[in-house]
Amino acid sequence: QVQLVESGGGLVQAGGSLRLSCAASGRTYSLYTMGWFRQAPGKERESVATISYGGHDTFYQDSVKDRFTISRDNAKNMLYLQMHRLKPDDTAIYYCAAATRVLDLATGSKYDYWGQGTQVTVSS
């Protein structure tokens, strides 16, 4: 089993920055593709950014390109999401997800583990 715990969410003004972290524990050697997803009130969960095991390949939702950066440190079992120039539309619960196989970064959806989520609220 793998446990994922997100942190770093909070309230920030539009234009501000936040850095989300996801700590993985347990059978972390089994993790391959990882990603950040978000769900806003009344909306479906959507992919924000995904990353390959080695960190060399990434995929971003169009609305966050050039503002968000996903990264991982496998030695520390950590996943990060650096968010800049935040907008009120970025307000959502952000979830960390991990797969025990290689998934397509753009279309893969079968993630095996999910964190509990961290709230990000961007005020206008």
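Out of the total accessible area of segment 45-124 (probe 1.4 Å, heavy atoms of protein only), what percent is carbon and sulfur? That share works out to 46 percent.
Among the trypsin sites (Lys or Arg not before Pro) found in segment 1-67, those both in a DSSP coil and sparsely packed, with 12 or fewer other Cβ atoms within 10 Å of their Cβ, are R27, K43, K65. Residue ranking by accessible heavy-atom surface, 1.4 Å probe, largest first, among L20, L105 comes out as L105, L20. Accessible surface area normalised per residue over the chain is 54 Å², counting heavy atoms of protein chains with a 1.4 Å rolling probe. Cross-link partners of K43 among lysines, defined as those whose alpha carbon lies under 27 angstrom from its own and excluding same-chain residues fewer than eight positions apart: K65, K87, K110.
Basic side chains Lys and Arg get +1 at the Cβ, acidic Asp and Glu get -1 at the Cβ, and with that the dipole of the chain about its Cα centre reaches some 160 debye. A crude spin-label estimate for the pair T100 and Q116, with each label 7 Å from Cα along the Cβ direction, gives 2.3 nm. Qualifying trypsin sites (Lys or Arg not before Pro) in segment 71-124, where qualification requires a DSSP coil assignment and no more than 15 other C-beta atoms within 10 Å, comprise K76, R85, R101, K110.
The values are calculated or read from the model by the stated rules, or taken from the named source; none is laboratory data. Here the structure is a predicted model, which means the values were calculated and not measured. Please note: Cβ atoms are built from the backbone with ideal geometry, for glycine as well, and neighbour counts cover all protein chains shown. In case anyone asks, the SASA skips ligands and DNA or RNA and just uses the protein heavy atoms, side chains included. Shrake-Rupley method; radii C 1.70, N 1.55, O 1.52, S 1.80 Å.
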